[in-house]
Amino acid sequence: MQTIKPYVYFNKEIVPKEQATVGIASHSLQYGSTCFGGVRGYWKDGEVRVFRLKDHWERLMDSSRTLEFGYHIPFEQFETVISELIERNQIDSNIYLRPFLFTRHEKLAPRFEGLEFDLGIYILEFGDYFDPSRGLKLKISNWRKISDAAMPTKAKAGGCYVNSSLAANDAVRDGYDDALLMDEQGYIVEASVANIIMVHRGRVVMPDFGSPMLEGITLRTAIDFLKEEGIPVHFERIDRSMIYLADELMVTGTAAMVRSVESVDGRPIRGTAICEMLKKKFDQVLSLEHPKSDEWLYRFSQQTGQSTCR
Ligand code: PMP
């Protein structure tokens, strides 16, 4: 279930998706000069609840800054565009919003200087990224995670996802659900489009933010939940043998959500307790039963045409 909705934001206006096209020679198409966000909206009790919209906007603006794209849109304007898109598309299902920055410029040289970047947004009807009925089977990839010395891994740059695609391709072809990527030193960084959290000898451990990973908004949320429960989080290097000895392993991401891992390279991992606790807390947030619900949810009601966002 990944149907693209009929209206998109393109060229500073909302247009039918057929009208949103870029030229064959555009710099973004030829060189992957884009950056993007991925945001979930949940259809619940007659309204769309978009999760941590402001944090996703902030990361998109940070990506633009890191990549020197020179594009900025104030949050209030961004929020208005999202509201209008939700309204025009008459959303009444779970969705995935994809805001991204791109350039139509047809400059041949792979250089950003002098190019004008613009915002595009489309919406997909979206359910589960991974089968929710079982844990994930992961494979440690032969492809290493790109180094931050080569590409800014904290920016969600389109070009970085050639690396994710190669690793995921390889894992899925071999019968796994997804890949785990190691950095150039052999430490485990993240999955193809999700961060990782593990429990090792009773301690919750994750790679530190200085490793070449994306700083996931779902991961930041999970860290808040763990703190709330008084569970200490240890930011450390994780090598392959630690993963094989994990009491519990899970992935976190906007598309993936929080999913437990049942094996890595065919070696079973049995625990699910922390993962279940985190899932329950996410559900509480979405059901407006968590103290952070107000802060984290952008709520759009089709009936009243009103949205609130903090
Ligand atoms: N790492 C990578 C490489 C990703 O693409 C994603 C998905 N955006 C994540 C981690 C998880 O980030 P978030 O929780 O913000 O979706």
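The values are calculated or read from the model by the stated rules, or taken from the named source; none is laboratory data. The model shown is predicted, which means the values in this text are computed figures rather than measured ones. Reconstructed Cβ throughout: ideal geometry from the backbone, glycine too, with neighbour counts over all protein chains shown. Side chains are part of the model used for accessible areas, which takes the heavy atoms of the whole protein and leaves out ligands, DNA and RNA. Shrake-Rupley method; radii C 1.70, N 1.55, O 1.52, S 1.80 Å.
Per DSSP H run of at least 4 residues, take -39500 (n - 2.57); add these up for the chain, divide by its residues and hand me the 222 nm value, nearest 500 deg cm²/dmol.
-8000 deg cm²/dmol
Would you mind working out the magnitude of the charge dipole of the stretch 188-294 relative to its Cα centre, with +1 at each Lys and Arg C-beta and -1 at each Asp and Glu C-beta, to the nearest 20 Debye?
That gives a dipole near 180 debye.
Kindly report, to the nearest 10 Å², the accessible surface of S287 as traced by a 1.4 Å probe over protein heavy atoms only.
Estimated to the nearest 10 Å², S287 gives 40 Å².
Put +1 on the Cβ of every Lys and Arg and -1 on every Asp and Glu Cβ in the chain; which of G186, W296, L29 then has its Cα farthest towards the positive end of the dipole?
Toward the positive end, the furthest listed residue is G186.
Keeping all protein chains in place, calculate the accessible area per residue for the chain (probe 1.4 angstrom), answer in Å².
46
Just how far, in whole angstrom, is the stretch 67-135 from the stretch 145-224 if you go by their alpha carbon centroids?
Each part's Cα centre sits 22 Å from the other's.
Please report, in debye to the nearest 20, how large the charge dipole of the chain is about its Cα centre when each Lys and Arg carries +1 at its beta carbon and each Asp and Glu carries -1 there.
About 300 debye.
What do you reckon, how do M257, M182 stack up by accessible area (1.4 Å probe), largest on top?
M257, M182
Give me the log10 of I(q) over I(0) for the stretch 156-262 at q = 0.12, 0.13, 0.14 Å⁻¹, as the Debye formula computes it from C-alpha points; what are the numbers?
-0.38, -0.45, -0.53
Identify, among M257, Y122, W57, the residue whose Cα sits farthest towards the positive end of the charge dipole of the chain, taking +1 on the Cβ of Lys and Arg and -1 on the Cβ of Asp and Glu, with the dipole about the Cα centre.
M257
For the full complex of protein chains and a 1.4 angstrom probe, list W43, W296, W143, W57 by accessible area with the highest value first.
Solvent-accessible surface, decreasing: W143, W43, W57, W296.
Say we join alpha carbon atoms closer than 10 Å with springs in a Gaussian network model of the chain; which of Y176, Y298, Y129 then has the biggest fluctuation?
Comparing Y176, Y298, Y129 in a Gaussian network model of the chain, the most mobile one is Y129.
Where in the stretch 59-120 are there trypsin sites (Lys or Arg not before Pro) that are in a DSSP coil and have at most 14 other Cβ atoms within 10 angstrom of their Cβ?
R111
Report D for the chain in µm² per second (integer): Stokes-Einstein, Kirkwood Rh on Cα pairs, 37 °C, 0.692 mPa s.
162
Past the 31 Å Cα-Cα mark, which pairs from K145/K279; K54/K281; K5/K145; K139/K280; K137/K281?
K5/K145
Put +1 on the Cβ of each Lys and Arg and -1 on the Cβ of each Asp and Glu in the chain; which of I231, P6, Q77 then has its Cα farthest toward the positive end of the dipole?
Checking the options against the dipole of the chain, the answer is I231.
Once you keep just the Cα pairs under 8 angstrom separated by 6 or more residues, what percentage relative contact order results for the chain?
Once divided by the residue count of the chain, the mean separation gives 20 percent.
Pop out the carbon and sulfur fraction of the accessible area of the chain as a percent, whole number, probe 1.4 Å.
48
One-quarter of the Cα convex hull surface for the stretch 1-105, in nm²?
That works out to 7.1 nm².
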